[in-house]
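Everything below concerns the one structure shown next.
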Amino acid sequence: MTAVTYLTRHRRPGIVILCSIVAVLSMLFVLPPAIASAADSGAQAVDECNPTASNGCVNGILQDADKKPIADVTITLSGKATAETKTAADGKWAFSVADDGDYTVTIDASVAKEHGLKASSATVTIRKASFDKQRGVVRFDQAGDSAGSGTSGTSGSTAATQSPVKKDGSNVGKRIWQQLYSGIIFGLMLGLMSVGMNLVYGTTGLQSFSHGEQVTLGGLMAYVGTQMLHMPLIASAIFAIVIGALTGFIQNEIVWGPLRRRHVGTMQQMIVTIGLSMALQYTFQFFFGGDIKGIVKSVPDSFQLGPITTDMPTLVSALIAICVIVGVTLFLYKTRLGRATRAVSDNAALAAASGINVDQVVRVVWILSCAMAALSGVLLGVYLNGISWNTGATLILLMFAAVTLGGLGTANGALIGSLVIGIVADMSSLVIPNDMRYASALAILIIVLLVRPQGIFGKQQRVG
């Protein structure tokens, strides 16, 4: 008996239909960002700003030399667009910008001198990066360069550019390394989502289009924990994971279990997941609104790792994703329940004849899958500085591309496929418009289905 489920010949019609659905949905998710980008322009002062596909952020906290906030100071933004705002009581200020390019932030020179600041102006560069446009963080309380400019940094995986901006070949090389790094981080988080989805397919044969909403749910529950219940981030993450696991249990007991007992086909069940996905999306929008919800409000300090700019939350998120994926792999290969899961994945009828409780195994898989999706939503929300009602929906096609590339039903294959998809999506933004970067990943899905339908690690026949 083999360890995992491989793609069998009798599932090929389902793959063809799945590919058709993916092709239609890809038009919905690939085209709107380009339209939105063309419609938005300019800059405006806002109380808080989170980067999205249509806007970047230039923000900061104005502090004196003793790190005390300076309130009611005029901040002026110039460059691709102009805007003006005043610092709040806690020294915070923010601008939302729609166009890529260089932006200069200025305060009155007399104010800078009065409070012992090193500079009265700073230049930041907004570039589209990994998931969305970057956040440019301006600090006037740090020493500037010889020209008197303040320092700038970024949040998440985005690239930081200090003023003056250099246009030589070294910056091109740095951007390549930065995009490669961003692609790896993206791939790890996508892998955390995709492994659970692939486990569900391996044990039930169901390709769930509502898995992205489990990711969104995790991020929104973390937002509820930190911003509404005022819990620490770690406690909020645990709260979100528990909620995600609970929804996996409820779904299996109320929806998927009864459908399996009535011998409803997997294609009909997949259509149910599409309806469930739409219902959950608009439920999230009804209760949380259409704006981005920030899980944490603080802006992490960025630092350099060779040619790469990163921050500690990004590294911690990547480490957590790696540890969880390794833990799930050990669970599948080193525990009794994990071996039972692999047996059900290989041949459910034979596993049941051997005394394995198939329903119990499937129940555990649903709980584990949804818990992992919720965790990925938390990490994604921290990494992106926010989560919105349709975050998971924008990633679902990439999950399908990842699991198809790695091999349907193979947990480790989903991880490899996710890394490939993440790197290709981010690196492709170096040569094609950023709004079309997901199209390159979806092109991989089509090519794989044509050349090797079973994926990298999948096989056409069960061996053993």
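For the stretch 263-296, give me the residue count where each residue is touching a residue at least 12 places away in the same chain (Cβ under 8 Å), part of a loop (DSSP other than H, G, I, E, B) and out of contact with any Gly (no Cβ under 9 Å at 6 or more places or on another chain).
Summing the residues that are touching a residue at least 12 places away in the same chain (Cβ under 8 Å), part of a loop (DSSP other than H, G, I, E, B) and out of contact with any Gly (no Cβ under 9 Å at 6 or more places or on another chain) in the stretch 263-296 gives 2.
Taking the stretch 224-241 as the region of interest, how many residues are touching a residue at least 40 places away in the same chain (Cβ under 8 Å) and not small (G, A, S)?
Within the stretch 224-241, residues that are touching a residue at least 40 places away in the same chain (Cβ under 8 Å) and not small (G, A, S) number 4.
So, S277, is that one touching a His at 6+ places or on another chain (Cβ under 9 Å), of a type in the set (S, T, Y), surrounded by 14 or more Cβ atoms within 10 Å (Cβ to Cβ) and under 22 Å from D346 (Cα atoms) or not? Before the answer, list the steps.
Values: touching a His at 6+ places or on another chain (Cβ under 9 Å): yes; of a type in the set (S, T, Y): yes; surrounded by 14 or more Cβ atoms within 10 Å (Cβ to Cβ): yes; under 22 Å from D346 (Cα atoms): no.
When the stated conditions are applied, S277 does not pass them.
Quick one: which residue in I308, I320, I295 is surrounded by 15 or more Cβ atoms within 10 Å (Cβ to Cβ), farther than 24 Å from Q207 by Cβ, touching a helix residue (DSSP H, G or I) at 6+ places or on another chain (Cβ under 9 Å) and at pLDDT 95 or above?
Exactly one residue qualifies, and that residue is I320.
Criterion first (buried (at least 21 other Cβ atoms within 10 Å of the Cβ) and without any contact (Cβ under 8 Å) to a residue 40 or more places away in the chain) does A393 satisfy it?
The answer is no for A393.
For the stretch 60-98, which residues satisfy the criterion of being more than 21 Å from T391 (Cβ to Cβ), in a strand (DSSP E or B) and polar (S, T, N, Q)?
Q63, T74, T76, S78, T85
Please list, ordered by first then second residue, the pairs with beta carbon atoms under 6 Å, 6 or more apart or interchain, first in the stretch 69-94 and over 11 Å from N59 (Cα atoms), second of a type in the set (S, T, Y) and assigned to a loop (DSSP other than H, G, I, E, B).
Partner pairs satisfying both residue conditions: A71/T87; V73/T87.
On the given criteria, is T341 surrounded by fewer than 14 Cβ atoms within 10 Å (Cβ to Cβ) and of a type in the set (V, I, T)? Step through it out loud before you land on a result.
Working: surrounded by fewer than 14 Cβ atoms within 10 Å (Cβ to Cβ): no; of a type in the set (V, I, T): yes.
The answer is no for T341.
From the list S418, S440, S376, pick out the single residue that is assigned to a helix (DSSP H, G or I) and without any contact (Cβ under 8 Å) to a residue 60 or more places away in the chain.
Step by step, each of S418, S440, S376 is checked, and only S440 is assigned to a helix (DSSP H, G or I) and without any contact (Cβ under 8 Å) to a residue 60 or more places away in the chain.
Among the residues of the stretch 390-411, how many are under 13 Å from the mean Cα position of the chain (by Cα) and not in a helix (DSSP H, G or I)?
1
Hey, does the stretch 208-217 have a residue that's closer than 16 Å to L192 by Cβ, touching a helix residue (DSSP H, G or I) at 6+ places or on another chain (Cβ under 7 Å) and not in a helix (DSSP H, G or I)?
Within the stretch 208-217, one or more residues are closer than 16 Å to L192 by Cβ, touching a helix residue (DSSP H, G or I) at 6+ places or on another chain (Cβ under 7 Å) and not in a helix (DSSP H, G or I).
Conditions tested, residue by residue: (1) closer than 30 Å to V424 by Cα; (2) of a type in the set (G, A, S); (3) at pLDDT 90 or above.
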site	(1), (2), (3)
G338	no, yes, yes
R342	no, no, yes
V358	no, no, yes
V361	no, no, yes
L380	yes, no, yes
L395	yes, no, yes
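Is it the case that some residue within the stretch 243-262 is free of Cβ contacts under 8 Å to residues at least 24 places away in the same chain, in a loop (DSSP other than H, G, I, E, B) and among the charged types (D, E, K, R)?
Yes, the stretch 243-262 has at least one match.
The values are calculated or read from the model by the stated rules, or taken from the named source; none is laboratory data. Since the model is a prediction, treat every value here as computed from it, not as a measurement. With ideal geometry, Cβ positions are generated from the backbone for all residues, glycine too; neighbour counts draw on all protein chains shown.
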